[in-house]
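Since the structure comes first, as structure tokens, the remarks are kept for the end.
The values are calculated or read from the model by the stated rules, or taken from the named source; none is laboratory data. Just so you know, these numbers come straight off a predicted model, no measurement behind them. Cβ placement follows ideal geometry from the backbone for every residue including glycine, while neighbour counts extend to all protein chains displayed.
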Amino acid sequence: MPITTPLELTRRQFWKAGGALALAGALPARGHAATATSAPASLRLTAAPARASMVGDDHPATAVWAYGGSVPGPVLRVRQGARFRAVVENRLDEDTTVHWHGIRLPNAMDGVPGLTQPPIRPGARFTYEFTPPDAGTFWYHPHDNSLVQQGRGLAGALIVEEAEPPRVDRELLWVIQDWRLTRDAQVALGFGGRMEAAMAGRLGNTVTVNGRVPDDVPVRAGERVRLRIVNAATARIVALRFEGHRPLVVALDGQPCEPHEPVGGRLLLGPAMRADLILDMADRPGSRHAVIDGFHDRLAYELVALAYERGAPLREHALDASVRLPPNPLPQPDLATAERHELVLQGGMMGGMGMMGMRGAAWAINGMSMTGKGDTHMPPLLSLARRRTCVLSLRNETAWWHPMHLHGHSFLVLMRNGTAVAGAEWGDTVLVEPRQTVEVAFVADNPGAWMLHCHVMDHEVSGLMGVLRVA
Ligand code: C2O
Ligand code: CU
Ligand code: CU
């Protein structure tokens, strides 16, 4: 299936165009201009049109929609258990909301227009306030006209800091976005193409890290880095291979896991998924190592590279300190008393639904297609008893990948195709392969109406979405 687009500006050209920002891709843990301080008393976040220089100085700046004037938006940091408050101002000329992806928060703060709050009208404000119970790497994005608003750049990282983080020398954050740019570096029109909605979604031709086509990331021999990666792309799945390095995954979707090397040496992250890695820079000063995205085999490309400085190593042997993150206060599912439900993902090209089924939908869950920003008149897919464990079986009958996301809860991934998942793998988004069945479990302890949807934006708005109600 071809995934390339007929655009003329290629990644190779973009690579040549790069070159200015030595530190693109590397954000210090604190002190970056765009970094809010911990536990802001009240933060202001404006969504507005802006211009961003993403592909190098010999191309014009790109007209984007941005939080706080930058793409991605400012890195927001809050301490675990501290109050977070953000006044969001809408200076777009359409409605918007902000969703705090992965945070277990009260339903009224979840940012789903028509379901948990009225949309924020142009010129209006809305105040979000919550206390994040879990430390970890989260992110924020609009939940209104999501395909277009996120596709034009509205997204940012939200980091909830542990009281006692593991010892590292430095922290890096890579927010990955994928853009379909025209020859003059503008966001191409044509969001919501029917063909791509029924296939892999709107894949771009330019991948940025922290809003730039990245230059090499300078690293120092011997140092230990905590690398937080957020896949904020609207449709692109990445499979990252770190040449010459053995990263340890210590958290997925913000939730600590048993430290392990990526399965098969590839860190697979669908849209909306995050990983925290501990990376020991164990190679020689002066060496350079690519980080390759090889999800689409024949279209593998170098996302970014680690470039060792020439100076003496920081230390001779890897740091002798635990890489394990402190646990989050997640409610443990009780499988013995669980209620069990099956959700069947249907449709798409070659999915037997016809390319477009009812009401312009390309996809369905259990035969129901919620589209657009979410049709709140539709009955919920499931109504769950409060505090009961729910085991959800997500059966993908389609020929396409779906990063399935549940709001307001984190789930434990139990099984993939009937095989038990090793370790305790928690998440809020689980990547379901074509024809695969994935079983997840969570305690329905957060009352309200919660979205469950595919995070490929084209899929979400064309039917792969529904609501779970927790009484
Ligand atoms: Cu990032 Cu409804 O989700
Ligand atoms: Cu979410
Ligand atoms: Cu999908």
Open item on the list: Going residue by residue through the stretch 60-77, is there one that turns out to be assigned to a strand (DSSP E or B) and either without any contact (Cβ under 8 Å) to a residue 12 or more places away in the chain or more than 21 Å from the chain's Cα centre (by Cα) (or both)?
Closed with: yes
Task: From ASP95, ASP57, residue being closer than 22 Å to VAL461 by Cα and not hydrophobic (A, V, I, L, M, F, W, C) - done: ASP95
- [ ] Considering (1) part of a loop (DSSP other than H, G, I, E, B); (2) surrounded by 19 or more Cβ atoms within 10 Å (Cβ to Cβ); (3) of a type outside the set (Asp, Glu), say which one PRO165 fails and leave the rest.
- [x] (2)
Open item on the list: For the stretch 419-468, give me each residue that is away from ligand 2 (no atom under 16 Å from the Cβ) and among the acidic types (Asp, Glu).
Closed with: GLU425, GLU433, GLU439, ASP445, ASP458
Task: Boolean, PRO285 is in contact (Cβ under 8 Å) with a residue 24 or more places away in the chain, surrounded by fewer than 24 Cβ atoms within 10 Å (Cβ to Cβ) and farther than 14 Å from ILE176 by Cα - done: yes
Task: Checking ALA471 against (1) within 19 Å of ASP334 (Cα to Cα); (2) at pLDDT 95 or above; (3) more than 16 Å from ligand 2 (Cβ to nearest atom); (4) not polar (S, T, N, Q), the condition it does not meet - done: (2)
Open item on the list: If LEU299 satisfies all but one of (1) out of contact with any Gly (no Cβ under 7 Å at 6 or more places or on another chain); (2) closer than 26 Å to GLY211 by Cβ; (3) surrounded by 14 or more Cβ atoms within 10 Å (Cβ to Cβ), what's the number of the condition it fails?
Closed with: (3)
Open item on the list: Looking only at the stretch 436-461, filter to residues that are more than 16 Å from ligand 3 (Cβ to nearest atom) and over 21 Å from the mean Cα position of the chain (by Cα); which one of those is nearest to LEU154 (Cα to Cα)?
Closed with: ALA449
Open item on the list: Return the residues of the stretch 428-463 that are at positive phi and assigned to a strand (DSSP E or B); say none if nothing qualifies.
Closed with: GLY448, GLY463
Open item on the list: List the strands (runs of 3 or more DSSP E) inside the stretch 218-298, counting only whole elements, that have at least 1 residues being of a type in the set (Gly, Ala, Ser) and touching a Lys or Arg at 6+ places or on another chain (Cβ under 9 Å).
Closed with: 238-242, 248-252, 274-280, 288-293
- [ ] Would you tally the residues in the stretch 116-128 being under 22 Å from the mean Cα position of the chain (by Cα) and over 18 Å from GLY73 (Cβ atoms)?
- [x] 1
Open item on the list: Going by what's in this entry, would ASN107 be described as within 16 Å of ligand 2 (Cβ to nearest atom) and polar (S, T, N, Q)?
Closed with: yes
Task: Test: residue in the stretch 311-323 that is under 30 Å from ARG435 (Cβ atoms) and surrounded by 14 or more Cβ atoms within 10 Å (Cβ to Cβ) - done: no
Task: Of the criteria (1) hydrophobic (A, V, I, L, M, F, W, C); (2) more than 16 Å from ligand 3 (Cβ to nearest atom); (3) closer than 19 Å to VAL230 by Cα, which one LEU147 fails - done: (2)
- [ ] Select the strands (runs of 3 or more DSSP E) contained entirely in the stretch 331-422, then report the ones holding at least 2 residues which are under 22 Å from the mean Cα position of the chain (by Cα) and without any contact (Cβ under 8 Å) to a residue 40 or more places away in the chain.
- [x] 411-416
